[in-house]
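All remarks here apply to the structure that follows.
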């Protein structure tokens with residue numbers, strides 16, 4: 001496939017997980033390693049098309065600020081491959097717990113088959129709940145398909161509500177639609193809310209501001225598949241070091257600031 005066509009393919013792959021998108025992006029951008037101007041344009045095109053994919057912002061920022069972009073890309077992909085977040089989440093979940101998740105959280109889904117003693121209530125979100133349930137049942141994990149109307153009762157019946165961040169800034173994050181309602185219900189019911197933050201999802205303020213410029217403020221928020229939430233609704237975070245506080249998580253923010261990504265292409 002021609003490099004430009006491959007780049008367009010990556011930009012269109014909305015349903016793919018972030019780790020896969022990052023690997024495909026690194027491969028597509030290899031064609032621009034001797035074309036700095038072309039690399040900038042290609043990186044901006046990627047984040048324009050996938051504005052809430054934190055791993056793509058993290059990857060492209062690292063490439064644009066590194067003296068050897070492709071070497072940096074391969075290092076970043078290696079860090080994604082070695083991410084311990086799924087293992088840490090599996091260890092931290094309470095024994096014999098009932099947990100609630102929304103939709104198909106990419107990294108959380110990799111953690112759950114490691115535990116055979118939990119029940120997962122999967123609330124339908126973005127039309128992915130049923131697929132997630134089938135995946136879990138196929139991995140011998142007890143799972144229940146919960147319609148979106150059952151979000152409240154599912155959360156109240158849980159020991160932990162587990163959300164997963166698509167991208168995280170200093171005080172907010174983007175996640176699947178319905179998460180704010182779930183977290184608010186959990187707070188009232190005294191159910192702890194955990195936020196899964198894998199490698200590559202944390203951005204500093206200026207990069208977070210660039211993400212926000214890509215989210216169309218004219219869109220009706222109830223028609224989106226994702227929503228922006230305050231970190232104030234989160235009790236603890238699960239990342240590559242295990243269960244930690246929000247303050248400790250923010251200390252792990254490692255994305256460089258790449259001004260080249262601030263302005264959208266159009």
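On the beta carbon distance between residue 87 and residue 214, with R0 = 35 Å, the FRET formula returns roughly 0.65. In terms of packing, defined here as the mean over residues of other Cβ atoms within 10 angstrom, the peptides 54-64, 172-182, 35-45 line up highest first as 54-64, 172-182, 35-45. When each of the peptides 118-130, 243-255 is scored by the mean number of other C-beta atoms lying within 10 Å of its residues, the order from highest to lowest reads 118-130, 243-255. Note on the chain: with a GNM built from Cα contacts shorter than 10 Å, the maximum mean-square fluctuation among 167, 237, 156 falls on 156. Principal-axis analysis of the Cα atoms of the chain puts helix 3-12 at an angle of about 30° to the longest axis.
Please report the antiparallel percentage of the DSSP beta bridges confined to the range 85-250, to the nearest 5. Write down the numbers at each step before the final one.
Numbers: 10 of 30 bridges.
Antiparallel bridges make up about 35 percent of those DSSP assigns within the range 85-250.
Taking a ≥ b ≥ c as the square roots of the eigenvalues of the alpha carbon gyration tensor, the range 22-111 is prolate, as a/c is not under 1.5 and a/b beats b/c. The simple Förster model, with R0 at 45 Å and r as the Cβ-Cβ distance, assigns residue 263 and residue 95 a FRET efficiency of 0.35.
Mean sequence separation of contacting Cα pairs (under 8 Å, at least six apart), scaled by the length of the chain, corresponds to a relative contact order of 21 percent. In the range 175-261, the DSSP beta bridges split such that about 60 percent are antiparallel, to the nearest 5. Taking the longest Cα principal axis of the chain as reference, the axis of helix 54-64 is set at about 20 degrees. Tell me the angle of helix 69-81 to the major Cα principal axis of the chain, expressed in degrees between 0 and 90 and rounded to the nearest ten. The answer is roughly 10 degrees.
Based on Cα contacts under 8 Å between residues 6+ apart, the range 191-266 shows a relative contact order of 49 percent. Multiplying the residue separation of residue 31 and residue 139 by 0.36 nm and removing their Cα-Cα distance gives an extension gain of 35.0 nm.
With helices as the sole contributors, the chain gives -12500 deg cm²/dmol at 222 nm; each DSSP H run of n ≥ 4 counts as -39500 (n - 2.57), and the sum is divided by every residue.
FYI, it's all coordinate maths here, none of it is from the lab. These numbers come from a predicted model, not from an experiment. Glycine also receives a Cβ, built like all others from the backbone with ideal geometry; neighbour counts cover every protein chain displayed.
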